Amino acid sequence: MGISVENSIKLYIGGENDHFHNIYLIPHSLRHPEWPGEKTICLTNIPPYISEENLRTVFSKFGKIDKIALFTNIKDLQAFSQSPESSKTSQEFKWKTAYVAFRMLSSVEKVSKVKKLVAEDISTGLDRWISEYKSQYPNPERLQEEIDDFMQKFDEEEQKAEEEAKDQAADDEGWIQVSRKSTKDAFRLTEKGIKSVTEKQDVRKKKKELKNFYRFQVTESKKRRIMEMRKKFQEDKEKVEKMKTMRRFRPF
């Protein structure tokens with residue numbers, strides 16, 4: 001499968017001028033129901049910056065295009081030729097080969113007769129580098145609009161939350177007054193309120209204890225404390241006597 005100069009097409013980039021690329025229309029052996037050979041052309045020597053969309057724009061003037069497949073290496077091209085449904089196209093920034101499947105047979109006949117084409121709206125060189133650099137960053141005006149929309153939604157949510165908090169504000173004792181929208185009880189108790197009520201109940205229980213019993217408890221507590229102190233004193237005294245006996249007690 002050789003490349004014939006007679007089947008070359010001059011592709012002018014950005015407009016018809018002195019600079020062009022030769023792309024070649026070459027024969028192929030692709031046979032598949034979705035890629036009929038008589039309605040499919042094979043193009044090679046396609047510049048790296050030519051995309052599938054660019055090819056579709058350039059060649060759609062010859063008729064409706066069903067499918068386009070681009071390849072940057074021979075292995076992917078051969079795999080596609082044998083089994084199009086199980087292979088994948090290439091997306092690397094390299095020189096390319098492409099299959100273009102037309103809807104009508106007459107479109108292929110028109111392409112075979114053309115000698116030059118113009119690919120407009122394609123930037124190259126410095127213009128392309130600048131365009132790619134700018135595409136890495138968001139548009140300032142669009143970014144500002146997104147920020148404004150986000151802040152507006154945020155403020156609305158904050159205002160709504162603040163209004164709900166006012167309607168259901170808890171007092172110092174933990175009670176929350178429910179707004180009129182609620183069909184349940186007029187008041188409900190939070191965890192803080194439950195703890196407060198429990199503490200108050202404990203205090204009330206202690207106050208209800210009889211004073212005589214309280215004095216009795218204090219007296220008994222003092223007695224137990226004195227007995228413990230006496231017991232500890234006696235134990236220490238016996239320990240000192242034992243150490244004297246063993247001649248290990250040396251106070252000086």
Top-ranked residue in the stretch 12-35 [being assigned to a loop (DSSP other than H, G, I, E, B) and over 26 Å from Ile122 (Cβ atoms); ranked as least open to solvent (accessible area, probe 1.4 Å)]: Leu30
Residue within the stretch 118-141 that is at pLDDT 85 or above and open to solvent by less than 100 Å² (accessible area, probe 1.4 Å) present: yes
Members of the stretch 54-64 found to be free of Cβ contacts under 8 Å to residues at least 40 places away in the same chain and either under 12 Å from Ala98 (Cβ atoms) or of a type in the set (Lys, Arg) (or both), listed by number: Arg56, Lys61
Unmet requirement for Phe59, which otherwise passes all of (1) modelled with pLDDT under 90; (2) surrounded by 17 or more Cβ atoms within 10 Å (Cβ to Cβ): (1)
Cβ-Cβ under 9 Å pairs, at least 6 apart or on other chains, the stretch 95-109 side more than 12 Å from Ile68 (Cα to Cα), far side of a type in the set (S, T, N, Q) and surrounded by 20 or more Cβ atoms within 10 Å (Cβ to Cβ): Val108/Thr40
Conditions (1) exposed (fewer than 13 other Cβ atoms within 10 Å of the Cβ); (2) over 40 Å from the mean Cα position of the chain (by Cα); (3) more than 22 Å from Arg103 (Cα to Cα); number of the one not met by Glu38: (3)
Filter result for Asn54 (outside any strand (DSSP E or B) and in contact with a strand residue (DSSP E or B) (Cβ under 7 Å, 6 or more places away or on another chain)): yes
Unmet criterion (only one of (1) touching a helix residue (DSSP H, G or I) at 6+ places or on another chain (Cβ under 8 Å); (2) assigned to a strand (DSSP E or B); (3) open to solvent by 50 Å² or more (accessible area, probe 1.4 Å)) for Lys67: (1)
Single unsatisfied condition, Phe187 versus (1) open to solvent by 90 Å² or more (accessible area, probe 1.4 Å); (2) among the hydrophobic types (A, V, I, L, M, F, W, C); (3) at pLDDT 55 or above: (3)
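The values are calculated or read from the model by the stated rules, or taken from the named source; none is laboratory data. These figures come from a predicted structure and were not determined experimentally. Cβ: placed from backbone, ideal geometry, glycine included. Neighbour counts: every protein chain shown. These accessible areas exclude ligands, DNA and RNA; they are computed on the full protein's heavy atoms, side chains included. Shrake-Rupley method; radii C 1.70, N 1.55, O 1.52, S 1.80 Å.
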